[in-house]
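The values are calculated or read from the model by the stated rules, or taken from the named source; none is laboratory data. All values derive from a computational prediction rather than experimental measurement. For neighbour counting, all protein chains shown are included, and Cβ atoms are generated from backbone atoms with ideal geometry for every residue, glycine included.
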Amino acid sequence: MTDPNRLTGLQLDEIDARAAHLYEYVPQPEEADVLAGTDVPALHAEVLAGALSTHAAMVKAGFRQRKVSIPVATPAAAAKALRRNLEPEQIKELVKLLVDD
C-alpha cells in the first residue's frame with residue numbers, strides 16, 4: 001500500500017526545478033575588503049590591527065547606520081537607553097513623533 005502523502009520522484013524533481021533559482025548564492029565581499037576598496041584605508045588598517053571592529057568601521061565610513069538595542073520591559077528602561085544614545089534634539093523630535101497621532 002502506498003502512502004498518499006508521500007511525494008513521487010517526479011514530484012520531487014518538479015519541486016527542485018521550481019526552487020532551483022530561489023536562493024542562488026552570491027558571494028559577498030568580506031566587510032574588511034569593502035573598507036579596503038574605499039577611501040578609508042585608515043579604518044581598514046584599524047580593523048586589521050584589531051583596534052576597531054568591522055561593524056564600527058563600517059559605521060564610521062557611512063556604510064552602515066548605528067543601531068542600539070532598546071529594552072522594552074519598562075518605559076523607564078527604554079527612556080534610559082534612549083537618553084544614553086540620542087542627542088537632546090533627537091529626543092525632542094522622538095517625543096513629538098510619539099505624541100502626534
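Brief remarks on what is shown
- Scope the range 40-56; condition surrounded by 12 or more Cβ atoms within 10 Å (Cβ to Cβ) and either among the charged types (D, E, K, R) or modelled with pLDDT of 85 or more (or both); matching residues: ALA45, GLU46, VAL47, LEU48, LEU52, SER53, THR54, HIS55, ALA56
- Of the residues LEU35, LEU82, the single one that is among the aliphatic types (A, V, I, L, M) and modelled with pLDDT of 75 or more is LEU82.
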